[in-house]
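Each reported figure results from applying straightforward, stated rules to the coordinates on display, with no laboratory input. A quick note: this is a predicted structure, and the numbers were derived from the prediction, not measured. Note that we place each Cβ from the backbone using ideal geometry, even for glycine, and neighbour counts take in every protein chain shown.
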Amino acid sequence: MGDVVVIGGGQAGASLVARLRAKGFEGGITLIGAEPVPPYQRPPLSKAYLLGEMEEERLFLRPRAYYDEQNIELVLNAPVTAVDTVGKTLIADGRKIAWDDLVFCTGSTPRRLPAAIGGDLDGVYAVRGIADVDAMKPRFTEGASVLIVGGGYIGLEAAAVASKLGLKVTLVEMAERILQRVAAPETADYFRALHSRHGVDIREGVGLGGLTGRDGKVTGAELTDGSTLAVDFVIAGVGIVPEIELAESAGIEIENGIRTDSTGRTSAPCVWAAGDCASFPHRGAQLRLESVGNAIDQAEAVADNIMGAGRAYEAKPWFWSDQYDIKLQIAGLNTGYDRVVVRRSGEAVSHWYYAGGTLLALDAMNDPRAYMVGKRLIEAGKSADPEAVADRATDLKTLLK
């Protein structure tokens, strides 16, 4: 067996190297991370970690000792600057490292607010890594004013944390409504009402015109509707982009991320990709999924294929978001839906997305049973009668028969 080198110390990279060893891979394994800490969970950063409910070491996917015990070389604080796919080498922090198989698990990076509108002022943040959250944590003091730009899940989660800590929160969304790209109006209505009950000022159809500052520090915001705000700091939640620059500079094909075939292979021999950075064939297009579940499953498939399994990766999309005391669980992809069926059971609510009579996806708010049933149906390629779903008298488990 040759040597496998993985670029990227996130969920995908950690899952891949662990899978290789669990499956009996005996060659050398090197995991290269740009940050100074071992691979860690990112979802809790904008929730439990920001709230101070989780210590840094609890974020780590595995303790440092695991990598030594499994004979995995962990190279940290070492951004990779060049990859030679012909000579099968790369440069990480000035060090040349050879490989027989290389895997890009470079993930994604948040979009930053442009410097032209004040995005480079002190007090303007994005949520991606531990360092980002550590930098903004001291700003979360009761009574402080925060502007959140972007009404997707990252922005809404940050708003929930800020509200719980007693901050004055304003969230602006340039689109007609929050969650416009990812969820139905019914789900947007649910979360808009939730945040309003907690005092968050949500302004939809309103963009950020520019930020103003004094002595290099942000102090205010001008919105596209002509209004102005005094702010103590700003959080940008305006989406993420895949980290493709390194692969692109190495001559690897790019299409909605690093393009792979169904097994995770890129256009370069012995080079693979997995996680947020990678796209894979799905219904005639190259799909890229930004989720923990995909990072784990796709990375494990690539690990198996490095060892010769030759199995196609079949995505089973699932996502989640925690806001206040609400746990949102999402199964499937709602692209192409033409109907949303709403099911209520006490405080639990679920929204089921259909295209004709085909169940595509569901959003379940504090409704783990609906999520479990819907997820199993979707993964099995089955649907449930919409009228039965909407009927509170229906025992959801009977839909699985």
Given the rule -39500 (n - 2.57) for each run of at least 4 DSSP H residues, summed and divided by the residues of the chain, what is its mean residue ellipticity at 222 nm, to the nearest 500 deg cm²/dmol? -6500 deg cm²/dmol
Positive dipole terminus of the chain, leading residue within 90, 36, 169 (C-beta point charges): 169
Identify which of 258, 117, 378 has the largest mean-square fluctuation in a Gaussian network model of the chain, with springs joining Cα atoms closer than 10 Å. 117
Name the residue, out of 244, 148, 91, whose mean-square fluctuation peaks in a Gaussian network model built on the chain with Cα pairs under 10 Å. 91
About its Cα centre, what dipole magnitude does the chain give when the only charges are +1 on Lys and Arg Cβ and -1 on Asp and Glu Cβ, stated in debye to the nearest 20? 740
Ascending count of other beta-carbon atoms within 10 Å, so fewest first, for 394, 106: 394, 106
Counting alpha carbon pairs within less than 8 Å and at least 6 residues apart, what relative contact order, in whole percent, applies to the chain? 14
Environment charge at residue 101 (Cβ cut-off 11 Å; Lys +1, Arg +1, Asp -1, Glu -1): 0
Could you name the lysines in cross-link range of residue 382, using Cα to Cα under 22 Å and dropping any fewer than eight places away on the same chain? 316, 397, 401
Please give the net charge around residue 254, taking every other residue with its beta carbon less than 13 angstrom from that of residue 254, where Lys and Arg add +1 and Asp and Glu add -1. -3
Would you be so kind as to identify which of 307, 323, 373 lies farthest towards the positive end of the dipole of the range 282-401, taking Lys and Arg as +1 and Asp and Glu as -1 on Cβ and the Cα centre as origin? 373
What list of ³J(HN,Hα) couplings, whole Hz, do you get for the range 106-123 from phi and the Karplus terms 6.51, -1.76, 1.60, once you set θ to phi - 60° and write x for glycine and proline? 7, x, 9, 9, x, 5, 9, 5, x, 4, 4, 10, x, x, 9, 5, 5, x
